[in-house]
1. Compute, for the protein assembly as shown, the length of the dipole vector about the Cα centre, with Cβ point charges of +1 (Lys, Arg) and -1 (Asp, Glu) only. Units Debye, rounded to 20.
2. What angle, in degrees between 0 and 90 and rounded to the nearest 10, separates the Cα long axis of helix C:9-19 from the longest principal axis of the Cα atoms of chain C?
3. For residue C:275, give me every one of the aspartates and glutamates with a C-alpha distance below 12 angstrom, ignoring sequence neighbours fewer than eight places off in its own chain.
4. How much of the DSSP bridge set in the protein assembly as shown is antiparallel, in percent, rounded to the nearest 5?
5. Please give the solvent-accessible surface of residue C:193 in Å², to the nearest 10, using a probe radius of 1.4 Å with every protein chain present.
6. Would you mind giving the mean number of other chain beta-carbons within 10 Å of the Cβ of each residue in A:215-225, as a whole number?
7. I need to check one value: relative contact order of chain A, counting alpha carbon pairs closer than 8 Å and at least 6 residues apart, in percent.
8. Could you sort out which of C:86/C:183; C:8/C:349; A:43/A:193; B:7/C:225 sit more than 27 Å apart by Cα distance in this structure?
Amino acid sequence: MVKVFEKPKALTDKPFHYCPGCTHGIIHRLVAEAIDELDIQQKTIGVAPVGCAVFAYDYFNCDMMEAAHGRAPAVATGIKRVHPDKVVFTYQGDGDLASIGAAEIVHAATRGEKITTIFVNNAIYGMTGGQMAPTTLVGQVTATSPYGRQPEIAGYPIRISEMLSTIEGAAYIARVSVHDIKHLMQAKKAIKKAFEIQIKGKGFSIVEVLSTCPTNWGLTPIEALNWLKENMIPYYPLGVKKDIDGGGE
Amino acid sequence: MPKVTFKEDLCKGCELCTTVCPRGIVTIAKDRINKKGYNPAIVTDMDKCTGCAFCARICPDVVIEVEK
Amino acid sequence: MAEKVLMKGNEAIGEAAIQAGCKYFFGYPITPQNEIPAYMAKKLPKVGGCFVQAESEIAAINMVYGAAGAGARVMTSSSSPGISLKQEGISYIAGAELPCLVVNIVRGGPGLGGIQPAQSDYFQATRGGGHGDYRMVVLAPSTVQEAVDLVMDGFDIADMYRNPVLLLGDGMLGQMMEPVEFKERKPRQLPEKTWAATGWKGDRPRSVINSLFIDPAELERHNIKLQAKYDTIEKEEVRYEAYNTEGAQVIIASYGTTSRIVKNVIDDAAREGIKIGLIRPITLWPFPKEIFAKVVGQQTVKAVLAVEMSLGQMVDDVRLAVNGQKPVYFYGRTGGMVPRPDDILRQVKMILGGEA
């Protein structure tokens, strides 16, 4: 008998602190599997955000840096310019990337920084207790949109992948989901592709991964996966938004 | 014959694995709790396991190892 | 290039950094420091280095964080408002114990302020404009030559102590041209950057560049460790110039370009039989406390006068250092206005005449 599935080498032995059923854990593993399969663990340097994944430097088994909130793409830029031969990725939530870090992600893409961003979109701020994020859906109740997000006072959810796909420096942009086996396998392919784009030096790559937040959505882990499918996917359509290798919408 | 091993003390009882097993042999052990205080996921009928690793793939806490 | 060349302050600062082995510069346009990024954009690519103009000063300082964490000699420069934007990043750099040089070519403030020279960022520089118990070594050159020397020393100090270093200039220093030499320097014995994130091959512990310590006991231990470093810096790195202080009647405390105006005042006063001495802090932090206590203790010294291009910031440190031995007065111009020698001399006379 041979092991067909086990913890990837690119994950440390530290158990995740995430809430039960939070799909951050799946996404971490998919990133680590991509790193293992591309055999780049020894040349990968990751940048952790501020948010639920703030402890990612304890989980990814490679050199890591902790960035200030929203600034991971800038930190990654500094690393990549010093070590152009290394593989540099940022792992960021939607509060980190789409709110305080919006300028950083736009300009990392504009500069065509040869880094890869894993953008976890769960439509809420998790670590701080469920506040509205730029990606919070219209009508979605959060700690800071207690009557449901109302566009006339809190605007509309932002579609980061489509926005970034207008930027020349971006070489690969895909939005994926992990709400079921089929989709999380596609998510893994996209993550691996994003790293390959970086390794081939083709420019900036980002994978937006729709993810759940059972605790702050007030749902069970299983209900959360369904909520994602029923509510997030219609507003955040999955698919390749840009692919310098051809393909994409 | 394929085999899955659940590192029971890592499990948070989130039940995601119970929703994807094509053989329906993954369930939650209601008779005990693990070190974290959760009812852990278990496999009831190991010989029906095909080693597809769906349970392992959807697990957010890398609890499950699969051998074939 | 060991021979003398005539250079604008800002460009000399850029050249000094390059000669000190700085290969990475991340900056953003803001007057009156623009020549620094422009110079680095032109020169760094020629020495295998890399210049990036960031989307903001916030992004720039975080790029510095990344490059420093990756083990490189790296710098950024800006002017007052831009330095305010960088404060969070600087706190992270201090917390993660990363070496880098930050240059502030100070301009009038607060707010958008102006673009003329000032020294009104002293508190921000020495008390820390960011959050938490941290310190930056703050170096204050008074000439373009000294700026060159302090840039080179600054990188060594940063690497020696794994700490951010701030070069505090002003618009005058940045914009004026003076002859400079880029002398050969005896390099310091610097620790190896085994802690840097360079890709983990298993031959060393995994590098985690980080300032988060969620356990309060651990964070306190980390702070105590940083404090021990700052105590060492206070013992080892204090620099100042004591000029004409022997038997002086009044000691003027002044730094940077303002101190050069004070030297003119000292000559003018001497012609009128008034003996003025100058204490010129070169490290604003660590502040040269001992020299004040010693010099001001002289029986001849009637009072101390702090002269700054601000409405009084370093004067607080002077008062702390003088510790009540003698009265401490203040005279300053701000907003970009530069103190005039005769105005300073009038202050001294009022002090000696007892009307100040």
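The values are calculated or read from the model by the stated rules, or taken from the named source; none is laboratory data. Here the structure is a predicted model, which is why all the values come from computation and not from measurement. All Cβ positions, glycine included, derive from the backbone under ideal geometry; neighbour counts span all protein chains shown. Calculation scope for accessible area: heavy atoms of the full protein, side chains included, ligands and nucleic acids excluded. Shrake-Rupley method; radii C 1.70, N 1.55, O 1.52, S 1.80 Å.
1. Around 700 debye, computed over the protein assembly as shown.
2. 40
3. Filter leaves C:246, C:267.
4. 30
5. Its accessible surface works out to 50 Å², give or take rounding.
6. 2
7. 18
8. C:86/C:183; C:8/C:349; B:7/C:225
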